[in-house]
Amino acid sequence: YAGLHGVQSFRGLREIVTARDVHEFGAGVRLWAGNLLNWVVADVDGNLAYFTSGDIPLRADLEAGVVLDDGPRFIRDGSGPSNWVPDPARSQGQSIPFLAIPTEEMPHIVNPPAGFVVSANNDPLGLQLDGDTLNQFRPSSPGSIYYLGGGVDGGVHLGLRAGRITQLLREKVDAGAAITMDDMKRIQADTVLLDAQLLTPFLLDAFDRAGRAGAPPELASLAQDPAIQEAIGRLAAWDFSSPTGIPEGYDAADVDGVRNPVVTPEEAAHSVAATLYTIWRGHLVDAVVNDPLVDLGVPSGFGDALNLVHQLVSRDPFTGLGPFSGVNFFPEPAGLRAADRRDAVLLGALREALDDLASNRYAEAFANSTGQDDYRWGKLHRVTFEHPLGGMRSIPPAAGFTDLADGLPGIARDGGYQTVNPGDGWETTAKGSNAFQFTFGSWQRHVMSPGDPLARPDGVLGFANVAGGSSGDSSSPLYASQLGKWLTVDYHRMPMNARDVRVAAERVELFTPPLP
């Protein structure tokens, strides 16, 4: 870990907070060596920039263009040709006594042609998009492997949150419309599943082909299944959003933390579709990736599985072989051509999902119902806030919030896997009534506008919300005071200068050291 060395992060922080433009800001970021962080900045001259901080060490084997041992994603013994390259003179101006990736090769951009920057904890250069973190080469050293790190989250690798934010911004830009603060608030509240936009068309196409004359019997029987037909109809009409669909649920459509008890038919339909898709996706990931790998002796829970599933189902022409692996991920039904085997897996995963939803695994949420209208997403997708001291301080039951039902702990909330308004923390293969609970999300939301007419001419108009409130003391009136608005993605006005802070202050506490 680079931060174990004498890094210059506090010097960098001083440079950052005193910077007069984005370039001086970037110079400060380069000194923030111990942590890999995303920094987005704009200056009064209209410049916009994104920087990544942190000293990323160069490895001797990767610099030679080879990968020794099990690669840098795994722990190494600290010696030999597979470790960091010593540079006690710190010849690059870096903080650590080892060679590091040069500043110009760290992800960054100043005044992007698109006119905006999106940062959502994604892979900014797409180095992990193909599932292989070690097959790119450094721009300044073409024989050296370009390695920034090896994550395990397929949603991050696919850039799902960043992709959806970009999609929404481009809609405004392409229409020639100004992007307002209200637009940004709506984007932060968005609960569209971008991976559903990518994968659902393959399922719909498979169903269409299975229903055609001359389709193999294995496919035709699936296309004639009434439950599959109903589910396909629901997914075809879906807008890919993930509302709770229940009156007890909190949705972004609700206002100021107050639930609207009326569930419209449209919300209910989208909620059911979100459930169907999520459970189908889990069975698909198992069928396409995890089960074949387990058969080969590879442990299940492959981190990039969703990424790999998308690559496999979208190959054209389809061969049934994984990238560079020679593994047939669609071996059954034997005797069918590869494309038909793929369609059988896509539709078979939906049949398995429907059986699963009616099983005892989901009995607490859906009471073994086979009626698809009962499969409301809010019954599964619930948030809990565990207090460090536990017990009655946790939410629920603290602050007047209650569990959804006996056996269904937590507060029902919209959102899902890698939505812009995040609501996950579970694997894509999660299964069960209590498998989709989450304990974190956007811990704090900000929307800022410099020089806004509603602010002073030299000021910044700001709105924010902290998940819960500004106190962790469950006896304080500030404990969970903002949670309702957080659940419905609403905001409060922020004091953005010393005068506004003094005016808004409820009390002032001074802490003075004792005199010697």
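Taking the dipole about the Cα centre of the chain, with the C-beta of Lys and Arg at +1 and of Asp and Glu at -1, give me whichever of G423, Q482, V345 is farthest to the positive side.
The one lying farthest along the dipole's positive direction is Q482.
Could you give the dipole magnitude of the chain about its Cα centre, charging the beta-carbon of Lys and Arg +1 and that of Asp and Glu -1, in debye to the nearest 20? Don't skip to the end; give the middle numbers.
On the way: 39 positive and 63 negative charges, 193 e Å.
That gives the chain a dipole magnitude of about 920 debye.
S474: accessible area at probe 1.4 Å, nearest 10 Å²?
Spelled out: S474, probe radius 1.4 Å, area about 50 Å².
Could you give the length gained by full extension between S79 and R11, i.e. 0.36 nm per residue of separation minus their alpha carbon distance, to one decimal place? Kindly include the intermediate steps, with their values, before the conclusion.
On the way: separation 68, 0.36 × 68 = 24.48 nm, distance 3.10 nm.
Taking 0.36 nm per residue and subtracting the Cα distance, the gain is 21.4 nm.
I'd like to know which of A100, L125, V173 lies farthest towards the positive end of the charge dipole of segment 98-180, counting +1 on Cβ of Lys and Arg and -1 on Cβ of Asp and Glu.
V173
If each DSSP helix of 4+ residues adds -39,500 (n - 2.57) and the sum is divided by the residues in the chain, what number results at 222 nm, nearest 500 deg cm²/dmol?
Working: 16 runs with 156 residues, N = 516.
Computed ellipticity for the chain at 222 nm equals -9000 deg cm²/dmol.
Can you figure out the FRET efficiency of E332 with V67, using R₀ = 35 Å and their beta-carbon distance, to the nearest 0.05?
Result of the calculation: an efficiency of 0.55.
Please give the charge dipole size of segment 165-243, origin at the Cα centre, charges +1 on K and R Cβ atoms and -1 on D and E Cβ atoms. Round to the nearest 20 debye.
Details: 7 positive and 12 negative charges, 19 e Å.
Roughly 80 debye, rounded to the nearest 20.
Taking R0 as 60 Å, what FRET efficiency do you get between V110 and E386 from their Cβ-Cβ distance, rounded to the nearest 0.05?
Computed FRET efficiency for V110 and E386: 0.90.
Could you please tell me the mean projected area of the C-alpha convex hull for segment 353-427, averaged over all directions and given in square nanometres to one decimal?
Orientation-averaged projected area of the Cα hull: 6.1 nm².
Hey, if you put +1 on the Cβ of every Lys and Arg and -1 on every Asp and Glu Cβ in the chain, which of A363, A505, G390 ends up farthest toward the positive end of that dipole?
Toward the positive end, the furthest listed residue is A505.
For segment 162-203, what are Rg and Dmax over the alpha carbons, in angstrom?
Taking only Cα atoms of segment 162-203, I get Rg and Dmax of 12.0, 37 Å.
On average over all directions, what projected area in square nanometres does segment 1-74 have, based on the convex hull of its Cα atoms?
Average of the hull's projected areas for segment 1-74 equals 6.1 nm².
Using label points projected 7 Å from each Cα along Cα→Cβ, tell me how many nm separate K172 and A27, to one decimal.
Using points 7 Å along Cα→Cβ, the separation is 3.3 nm.
Would you please give the FRET efficiency between D355 and D406, computed as 1/(1 + (r/R0)^6) with r the Cβ-Cβ distance and R0 = 25 Å, to the nearest 0.05?
0.50
Using θ = phi - 60° and the Karplus form 6.51 cos²θ - 1.76 cosθ + 1.60, what ³J(HN,Hα) does each residue of segment 57-69 get, whole Hz, x for Gly and Pro?
x, 8, 9, 4, 5, 5, 5, 8, x, 10, 10, 9, 6
Return an integer: the convex hull volume of the alpha-carbon atoms of the chain, in Å³ per residue. List each step's numbers first, then the result.
Working: hull volume 109.4 nm³, N = 516.
Dividing the Cα hull volume of the chain by its residues yields 212 Å³.
Label-point separation (nm) for L478 and V501, each offset 7 Å from Cα along Cα-to-Cβ?
Placing both labels 7 Å beyond Cα along the Cβ direction yields 1.2 nm.
Excluding ligands and nucleic acids, what accessible area in Å² is computed for S476 using a 1.4 Å probe, to the nearest 10?
That residue has around 30 Å² of solvent-accessible surface.
Kindly identify segment 235-301 as rounded, prolate or oblate by the Cα gyration tensor criterion: order the square roots of the eigenvalues as a ≥ b ≥ c, call it rounded if a/c is under 1.5, otherwise compare a/b with b/c, prolate if a/b is larger, else oblate. Can you show the working numbers first?
On the way: a/c = 4.78, a/b = 2.66, b/c = 1.80.
Prolate is the answer for segment 235-301, as a/c is 1.5 or above and a/b outweighs b/c.
With only Lys, Arg, Asp and Glu charged, each at its Cβ (+1 for the first two, -1 for the last two), find how big the charge dipole of segment 90-195 is about the Cα centre; round to the nearest 20 debye.
Dipole of segment 90-195, to the nearest 20 debye: 240 debye.
What are the lysines whose alpha-carbon lies under 20 Å from the alpha-carbon of K185, with same-chain residues fewer than 8 places away excluded?
K172, K485
Mind checking Rg over Rh on segment 60-110, alpha carbons, Kirkwood formula for Rh?
Taking Rg over the Kirkwood Rh, I get 1.02.
So how much slack lies between D182 and D373, counting 0.36 nm per residue of separation and subtracting their Cα-Cα distance, in nm? If you can, show how the numbers build up before the last one.
Details: separation 191, 0.36 × 191 = 68.76 nm, distance 3.31 nm.
Between D182 and D373, full extension yields 65.4 nm more.
Could you tell me which of rounded, prolate or oblate describes segment 1-156, using a ≥ b ≥ c as the square roots of the eigenvalues of the alpha-carbon gyration tensor, with rounded for a/c under 1.5 and, failing that, prolate when a/b is larger than b/c and oblate otherwise? Walk me through the numbers before you get to the answer.
On the way: a/c = 2.13, a/b = 1.39, b/c = 1.53.
Oblate, since a/c reaches 1.5 and b/c is not below a/b.
Please work out the Cα center distance from segment 473-513 to segment 210-235, rounded to the nearest Å.
After rounding, the separation between the Cα centres reads 56 Å.
Relative to 2.2 N^0.38 Å, what does the C-alpha radius of gyration of segment 459-516 come to as a ratio? Two decimals please.
Ratio of Cα Rg to 2.2 N^0.38 Å: 1.43.
Order E266, E230, E105, most accessible first, counting only protein heavy atoms with a 1.4 angstrom probe.
E266, E230, E105
Shape call for segment 205-245 from the C-alpha gyration tensor, a ≥ b ≥ c root eigenvalues: rounded (a/c under 1.5), prolate (a/b greater than b/c) or oblate?
Prolate.
At a Cα cut-off below 24 Å, give the lysines reachable from K431, other chains included and same-chain residues fewer than 8 away excluded.
K379
Express the C-alpha Rg of segment 312-445 as a ratio against the empirical globular expectation 2.2 N^0.38 Å, rounded to two decimals.
Here the Cα radius of gyration is 1.38 times the empirical estimate.
The values are calculated or read from the model by the stated rules, or taken from the named source; none is laboratory data. Since the model is a prediction, treat every value here as computed from it, not as a measurement. Every residue, glycine as well, gets a Cβ built from its backbone with ideal geometry; the counts of neighbours run over all protein chains shown. Side chains are part of the model used for accessible areas, which takes the heavy atoms of the whole protein and leaves out ligands, DNA and RNA. Shrake-Rupley method; radii C 1.70, N 1.55, O 1.52, S 1.80 Å.
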